[in-house]
Amino acid sequence: MAAEKEKKIGEYGIAFKGLKEGEHLYEYKLGSAFFELFEQSQVETGELLATVTLTKSTRMLELSFHIEGVVEALCDRCLGLMEVPVTYQGKLFIKFGEAYDEPTEEIVILPQEEHTINIARFMYEYIVVSIPIRHVHSDKEDGTSGCDPEMLARLETYLVDQEPSAGEDGENDDEIDPRWNELKKLKNKNNK
């Protein structure tokens, strides 16, 4: 199983030693099989196209990534599956040195004897950081929510209306502390 996984990850290796100087174009279709290569993947399914342009020079390699497509995620409001658009554009610079190192997010140092760079992990990371933090179904054209109406109805039953509570003496416990009122007066005085 591990050998098969290594073989599949190897498909994302770019052998650069025998390439002529200049630009070389690579395209990868990334789907469920790609995301299965990563343990505890934050993405399980999606359909993306990654276009990678390798620019080779005598001293370094420059990889330009353009990744576009959709990934499947759970809606933060109704927990229904939805497609989230993902777009990433960026560069990775490969320099050569004594040992492997990643001094910055955009620079990788490969040992002099290396002849291949595997870009699978980089593409995965670029996709994950490009997913919006919050994902919610878009509203429909008529202005109603695009979320699952059944789930929204269930959630509505668990909403708690918060009304100010009265203490035992009938006074409102949420009265504003008089010190805050004094601070508000100062604030209002400064705004004039």
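Values quoted throughout were computed directly from the atomic coordinates according to the rules given, and no laboratory measurement underlies them. Computed from a predicted structure; not experimentally measured. Glycine also receives a Cβ, built like all others from the backbone with ideal geometry; neighbour counts cover every protein chain displayed.
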For the chain the mean separation of alpha carbon contacts under 8 Å (6+ apart) over residue count, i.e. relative contact order in percent, is 16 percent
Looking only at lysines whose Cα falls under 21 Å of residue 185's and that sit 8 or more positions away or on another chain, we get none
Please report the antiparallel percentage of the DSSP beta bridges confined to region 2-130, to the nearest 5. 90 percent
Given labels modelled 7 Å from the Cα in the Cβ direction, how far is it in nm from residue 184 to residue 74? 4.1 nm
Among (1) 19.4; (2) 17.0; (3) 21.6, the entry matching Kirkwood radius over Cα pairs in Å as calculated here is (3)
Cα gyration tensor of region 33-140, axes a ≥ b ≥ c as square roots of the eigenvalues: rounded (a/c below 1.5), prolate (a/b > b/c) or oblate? prolate
Spelling out what I want: for every residue of region 142-156, take phi, set θ = phi - 60°, compute 6.51 cos²θ - 1.76 cosθ + 1.60 (Karplus), and round to whole Hz; glycine and proline get x. 7, x, 7, 5, x, 6, 4, x, 5, 5, 4, 5, 5, 4, 4
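Note down the magnitude of the dipole of region 2-130 about its Cα centre, charges +1 on Lys and Arg C-beta and -1 on Asp and Glu C-beta and zero elsewhere, to the nearest 20 debye. Could the numbers behind the result be given before it?
Numbers: 12 positive and 23 negative charges, 72 e Å.
Computed about the Cα centre, the dipole is about 340 debye.
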For residue 129 and residue 11 in the same chain, what is the full-extension length gain: residue separation times 0.36 nm, less their Cα-Cα distance, in nm? 40.2 nm
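Between residue 98 and residue 19, what's the calculated FRET efficiency when r is the beta-carbon distance and R0 is 22 Å? Round to 0.05.
That pair, residue 98 with residue 19, gives E of 0.45.
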Going down the table (8/140; 140/187; 8/95; 5/91), which pairs top 32 Å between alpha carbons? 8/140; 140/187
